Amino acid sequence: MAAASISAPVPKQNILEFQNGRGNKTPSNVLLLQMCRQNKEVKQLHSQLIISGLIRRPPNAARLVESYVGVSETDDALLVFKSSIQSPDTFAYNVMIRGLILTKRPKGSLLLYEQLCSEGLVPDSHTYTFVLKACSHLKAILQGKQVHAQIIKTGVEPNTHVCSSLISMYSYAGSMKSARQVLDEYYEDNNNNDICPLNSMITVYMNEGLVEKAKEIFDTMENKDTATWSAMLSGYTKNGMHEVALVTFQKMMSYRVPLNESSLVCTLSACGELGALDQGRWIHTYIINKREIVMSVNLGTALVDMYARCGCIEFSYQLFKNMAERDVVTWGVIISGFATHGQANKCFQLFDEMIESGVEPNGVIFVAILSACSHAGQVGQGCHYFDQMVHHFGIRPSIEHFGCMVDLLGRAGRLGEAEQLILSMPEEPNSIVLGALLNACRIHSDVERGRHLFSRLINLGPSPDRYKLAASLFANNGEGYEIRKLVKDEDLVARCGLSNIQVDGVVHEFMVSDIANNRARDIYEALGGLVDQ
């Protein structure tokens with residue numbers, strides 16, 4: 001039920017025909033509603049409908065609601081729905097329910113659905129699709145089951161969209177068994193080639209980390225479309241399988257499957273994680289050369305992020321500056337990029353520019369800013385931004401924000417302040433926050449405070465990384481041996497640092513003290529070291 005849109009200006013002759021009423025009995029201003037791309041255009045036609053009295057004729061007011069939804073003006077749509085439609089039909093309800101879903105107001109969608117049913121109207125497949133999405137957003141499995149029962153009771157034949165929405169609803173609520181049952185029953189009752197429900201099930205499995213189950217469905221599908229491949233790409237990147245994602249993308253290209261924004265964004269993310277700059281550049285060139293691919297904010301942001309992660313921060317910044325439109329995610333990506341590259345002052349400059357441009361920061365922006373302050377040792381700036389986040393922008397500090405501040409204060413030797421900050425947290429600190437302070441104790445040789453922290457960390461669960469920190473801290477006190485023995489007895493294996501580098505199109509992965517790589521000797525010799533035999 002999406003509002004109609006156009007990709008090119010409507011010929012003047014067509015508009016004149018609409019105005020003269022030739023070829024169509026529908027009033028011209030109602031027809032033009034479908035072509036509106038901006039709120040001011042809808043408002044102009046809204047005024048004409050009121051003056052002409054046409055707004056009282058069904059379904060003109062419902063079409064007006066649809067146009068307001070199409071330009072993301074849900075409040076105006078809701079006002080028209082309540083004031084100008086005396087007896088809304090199912091179509092009008094569907095348009096409004098969808099509008100509330102699009103603006104992340106699922107509770108309002110459910111209330112309208114209940115109102116629709118109470119007025120004796122019969123929901124259709126569009127209604128159920130939108131309402132089930134609302135249940136998904138709310139993880140409201142009870143309401144979702146009631147809607148499912150209503151579908152069965154009314155005898156509505158579940159189409160591909162209803163089936164996909166049911167699968168998503170059950171999976172969001174954690175009922176994977178029910179989601180799979182919906183899928184199996186759909187294909188048992190319908191001998192068709194619909195692949196949308198299968199795509200939904202792939203996404204569901206990937207979101208739950210059940211990669212093999214998703215791949216099993218993918219491998220058995222005779223027909224695969226762009227959405228199928230995109231679901232696999234997205235799933236692999238979400239589950240940290242970036243190399244597999246790149247291989248899948250290459251297969252997708254070899255089969256000449258049309259690329260969409262999602263597939264490109266996911267692949268660029270994998271390139272950034274792997275440092276696969278050559279592959280990322282190739283995708284960038286592909287996007288530029290394909291006229292049918294629109295350089296959206298989402299896609300532009302993915303390119304900025306990829307170049308920043310691959311070490312090309314200046315090129316990333318040039319792309320950022322050339323973007324016609326930027327959202328808060330774009331700003332967050334470039335600020336995080338400069339933070340990672342140790343350019344704290346550039347982060348502060350970009351933060352000010354973002355505020356001046358009218359974009360309000362979110363929690364992610366402040367994590368990047370506080371991280372930059374921590375790595376640069378700028379305690380004053382860090383405290384300033386933390387205070388600004390809480391008192392000026394009203395953002396409730398998350399565990400990540402507290403972790404950054406503890407790390408910042410701890411590195412600066414202000415261990416007492418860091419500990420007091422932990423005590424002021426509204427929630428129990430996790431191992432990351434306590435580990436940051438333990439690391440600070442190691443740096444500044446605060447054994448007593450470190451011993452207390454270590455006992456708290458043990459209660460949160462065994463962690464070889466924290467044990468290594470403690471062993472280093474207590475080494476001079478004769479306690480390091482006992483901790484190292486504990487690590488060995490508990491069979492705890494510390495995670496090694498990993499790095500990726502791309503050479504001649506091949507991504508190589510390296511581990512701390514790695515000599516297993518077949519180019520290890522060349523690398524160590526280039527660095528002036530010797531390889532132990």
- Quick one: net charge of residue 285's neighbours, Cβ under 14 Å, K/R +1, D/E -1? +2
- Note on the structure: Sorted on mean Cβ neighbours within 10 Å (highest first), peptides 72-83, 267-278, 131-142 come out as 267-278, 131-142, 72-83
- Note on the structure: Rg (one decimal) and Dmax (whole number) from the Cα set of region 28-183, in Å, equal 16.7, 55
- Per residue, the convex hull enclosing the alpha carbons of region 226-323 has a volume in Å³ of 85 Å³
- Find the centroid of the Cα atoms in region 212-256 and in region 161-211, then give the distance between the two in whole Å. 17 Å
- Note on the structure: Taking a ≥ b ≥ c as the square roots of the Cα gyration tensor eigenvalues, with a/c under 1.5 meaning rounded and otherwise prolate when a/b beats b/c or oblate if not, region 146-230 comes out oblate
- If you project the alpha carbons of region 376-439 onto the principal axes, what extent comes out on each, in Å, largest first? 31, 26, 16
- Ranked from the most accessible area to the least, with a 1.4 Å probe and all protein chains present, what is the order of 229, 282? 282, 229
- Task: Would you please state the base-10 log of I(q)/I(0) at q = 0.10, 0.17 1/Å for region 346-452, with intensities from the Debye formula using one equal scatterer on every alpha carbon?
- Result: -0.28, -0.75
- Task: Rank by packing, highest mean first: peptides 246-259, 286-299, with packing defined as the count of other Cβ atoms within 10 Å averaged across residues.
- Result: 246-259, 286-299
- Counting only protein heavy atoms and leaving out ligands, DNA and RNA, the solvent-accessible surface of residue 203 at a 1.4 Å probe, in Å² to the nearest 10, equals 60 Å²
- Query: With Cβ to Cβ distances under 11 Å as the rule, what net charge do the other residues near residue 353 carry (K, R +1; D, E -1)?
  - Reply: +1
- Burial-style ranking of 410-421, 158-169, average other-beta-carbon count within 10 Å with highest first, yields 158-169, 410-421
- 10 Å binning of all Cα-Cα separations within region 85-124, expressed as whole percents from 0 upward: 33, 57, 10
- Taking every pair of alpha-carbon atoms in region 113-261, what share in percent sits in each 10 Å bin, from 0 to the bin with the longest distance? 11, 39, 31, 15, 4, 0
- Query: Considering only DSSP states other than H, G, I, E and B, which GluC sites (Glu not before Pro) in region 112-204 qualify as loop sites with at most 14 other Cβ atoms within 10 Å?
  - Reply: 119
- Item | Dipole magnitude of region 226-323, debye to nearest 20 (Cβ charges: Lys/Arg +1, Asp/Glu -1, about Cα centre) | 200 debye
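The values are calculated or read from the model by the stated rules, or taken from the named source; none is laboratory data. Remember, it's a predicted structure, so these values are computed and weren't measured experimentally. Note: ideal-geometry Cβ built from the backbone for every residue, glycine included; neighbour counts use all protein chains shown. Side chains included, ligands, DNA and RNA excluded: accessible areas come from the protein's heavy atoms. Shrake-Rupley method; radii C 1.70, N 1.55, O 1.52, S 1.80 Å.
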